[in-house]
Each structure stands twice: as structure tokens, then as C-alpha cells.
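Below: the structure, in C-alpha cells.
The values are calculated or read from the model by the stated rules, or taken from the named source; none is laboratory data. Keep in mind that what you see is a predicted model, and the values were worked out from it rather than measured. We place every Cβ from the backbone using ideal geometry, glycine too, and count neighbours over all the protein chains shown. When the accessible area is computed, the model is the full protein with side chains, heavy atoms only, and any ligands, DNA or RNA have been set aside. Shrake-Rupley method; radii C 1.70, N 1.55, O 1.52, S 1.80 Å.
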Amino acid sequence: MARVLLKKVTKSFGDVEAVKDFNLEIQDREFCILVGPSGCGKTTTLRMIAGLEEITSGEVSIGDHLVNDLPPKDRDIAMVFQNYALYPHMNVYDNMAFGLKLRGYSKKEIDIRVREAADILDIKHLLDRKPKQLSGGQRQRVAVGRAIVRKPKVFLFDEPLSNLDAKLRVQMRTELKKLHERLQSTMIYVTHDQTEAMTMGDKICVMKDGLIQQVDGPISLYDNPNNRFVAGFIGSPPMNFMEVEVIEREDSIFLNEGMFELKLPDNYKKEITKYIGQKMILGIRPEDMYDKLFYTIGPKDGNTFGATVEVVEPLGSEIYLHLNTGKNIFIAKVDSHNQAKPNQVIELVINLKKIHLFEQKNGKAIF
């Protein structure tokens, strides 16, 4: 296997820069996720690694070799596409074996590799079927199997689960994670789904408008976002944002939302003092707010404020409350036994240890 290194990689389509000054190191045997909204440049980046897109400037290395000028077949990579790309006239066995036949492998070696991959993916019983006789999930396994038989240095996945239904996507996420553990290979995976990114990746690279916003592990990314975009993109439901004014009164710092105030703990003073009198963006994750009537566990140093319930979404294990302060609309994730009703005014408790504050102009995280 091998590490993948991208140095100052740029890709332009005419006057449009799709990827800008992209720097990323993916370690050997690491599962790295490129995630971001449509049009952010993640698939273009993957295609440059694969050699399917020419690099405008910069360097791409696989292992110890610069591969800028190498054709895809010489890069020792295998790619799994969103649309499976199976040959409809071939059965599963021949689809998986086709690439090896082109490379001149013996029939014995091909048979060993195909059956080994089929065993790993639990598709041995499907080897004689044609693609039209398979479900979406089975076709995706065949596409992955076709990559496995190559035994490449790097696996590239371009939104491979997008065409599957919700339940099957959850199952396939688990299967791909198990596959990575078993093969101990370097994998780069593109998705727009932050849930896939959080559950599968060792390292996550968040992109926007062709630029890297943050590269980190899933938990660190969730707890310590670099900016407002990352904070809002990672997490489901997404982080709530409210415009507040930083004010000082009686040697204490408050965040004034207009309808309520939050008194900040003293440990925030050093970071926030220079912003007194300015408008900022307050970020609170839905699970860091509690209905005061059901506030039996959790941090005890929160501030309270009132909000009107607009919509109640029961999900079995939890409830999403859509709330309105009169100035801001937001979501709180509360216990499944919560009895709040639409149009009811409830008091909420904020976990002040979990709040985030961002500069209004550029979205940079303060804490």
C-alpha cells in the first residue's frame, strides 16, 4: 500500500478554478474522506489522483513516486464509481476478472483472486449472475470486488452509495469499514453525505468552493470546527446559529440575542474581551440545549431562555423541537419523553461549555 500526497494542486476549467492550492497528505492504510457540498471540487480532486483529470499545477505522489504524467493504468489505483459501471453482457465472475485478463494474469491467478474477493464480499453465490439479476447493493459489491482483485496501492471511491436506499446505505457503510480493516489498504472516499464521512473516515477533509476548510478526525472536527461553514456542515441536525452582540456589564461578559442574554463563564473572558460591542455568530448544537422541565442530567451551569415550540418531530429515541425566540429559529434535540406541544412556550437550558462563537464577517471560530 502507499501514502498519497498532494502539494499545491490546482485545477482550472477555463477561467473557473475548481480546486485551489490543495495540500493534503493521506497516510499509508488511512481511510480518508473528501466531503463537501456539490460543486466543491471533491470529485475533481479524486479524478486528478486517479489520472482521469489533468492537473493544472501542483504535484500528486502515490508512494514515493510523482504520478503527474503517469496514465491511470500505471498508477496502481482502483476506482469504484457511483454508477457501478458493470458490463451488462458479462456475469459477475467475468466482470470481476476482466481487468486482470487485460493485464495478462493467468487463469489460475485470476480464479484465486476473484473467489477470494467474492468470499470477502459474500457474493460467491452470485458469480454466475448477470448485473440485471442483481439488486443495487449486490451490484455495488461487485464493483468493489472488481477493485479488490486488482490489489492496488490505493482504492478510490466516488460516492459509491448514492444510488442505494437509506437502509442499504447504512449496511454498506459498515461493510466498507470492515473491508478497510481487513485489507489494511489506503482508501480515499468522496461523498456529500456528512454522516458517511463521520462514520467511516479516519481523516476527514472538508471542502468548499475548491478550498480545504479543515482536515481532522471525525470527533475533533465535530467538537472543534475551524469556521462557521464546517460547524454547520458537520452534524445532523446541523448546528444552530444566532446573531448576538457581545456586551460587558458589572465585570461580566454577556451575549445578547435581542430576546435573551447568556452570561459567559469567566474562562471565556480572555478570548472574547476584544470583541466587546461587536456583533458575532453564536453556535449551539441541538443536543446542547435542554428543556428545563426535563433537566435532570447534564451540566448544571447553563443559562435559561424562553422559546416557542413551532414543530415537534418525534423520532422514537429522541425528539426534535423546532423553536422560535421571536428573532431566531432553531432546533433542540430532547429526550423522547418530552411532552412539549406546538405553540407552547418552554424554557431551555444552554450547556455553556459546548457553545461556539464565530466572527460575523469571515466565519472564523473564536472558540
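Local charge for Asn338 was computed over the other residues whose Cβ lies under 12 Å away, with Lys and Arg +1 and Asp and Glu -1, and equals -1.
For the chain, the fraction of C-alpha pairs farther apart than 34 angstrom is 41 percent. So, with a 1.4 angstrom probe, what is the percent of accessible area on region 233-343 that is carbon and sulfur? Carbon and sulfur: 50 percent of the exposed surface of region 233-343. Peptide packing: for 26-37, 334-345, 236-247, the average count of neighbouring Cβ atoms within 10 Å per residue gives the ranking 26-37, 236-247, 334-345, highest mean first. With respect to the chain, whose longest principal axis is taken over its alpha-carbon atoms, helix 107-121 is tilted by about 20°. Of the beta bridges in the chain, as assigned by DSSP with both residues counted there, near 75 percent are antiparallel. When the solvent-accessible area of region 1-83 is split by element, carbon and sulfur atoms take up 43 percent of it, the probe being 1.4 Å.
Which value, in Å², gives the accessible area per residue of the chain when a 1.4 Å probe is used on the protein heavy atoms?
Normalised by residue count, the accessible surface of the chain is 48 Å².
Averaging Cα coordinates gives a centre for region 288-367 and one for region 198-225; these two points are 25 Å apart.
To the nearest 20 debye, what is the magnitude of the charge dipole of the chain about its Cα centre, counting +1 on the Cβ of each Lys and Arg and -1 on the Cβ of each Asp and Glu? Intermediate results must be reported in sequence, preceding the final value.
Details: 51 positive and 50 negative charges, 289 e Å.
Rounded to the nearest 20 debye, it is 1380 debye.
Relative to the longest principal axis of the C-alpha atoms of the chain, give the angle of the C-alpha long axis of helix 166-183, reported between 0 and 90° and rounded to the nearest 10°. The answer is roughly 60 degrees.
For the chain, a Gaussian network of Cα nodes joined below 10 Å ranks Gly99, Gly41, Gly326 by mean-square fluctuation, and the top entry is Gly326. Dipole of region 58-214 computed with +1 at Lys/Arg Cβ and -1 at Asp/Glu Cβ about the Cα centre; of Pro71, Ala85, Ala97, farthest Cα towards the positive end is Ala97.
Quick check: from the Cα gyration tensor, does region 91-133 come out rounded (a/c under 1.5), prolate or oblate? It comes out oblate by the Cα gyration axes.
Of all lysines in the structure, the ones whose alpha carbon falls short of 23 Å from that of Lys177, not counting any fewer than 8 places away in one chain, are Lys42, Lys124, Lys151, Lys153, Lys167, Lys203. When the Cα gyration tensor is reduced to axis lengths a ≥ b ≥ c, the ratio a/c is 1.5 or higher for region 23-94, and with a/b above b/c it is classed as prolate.
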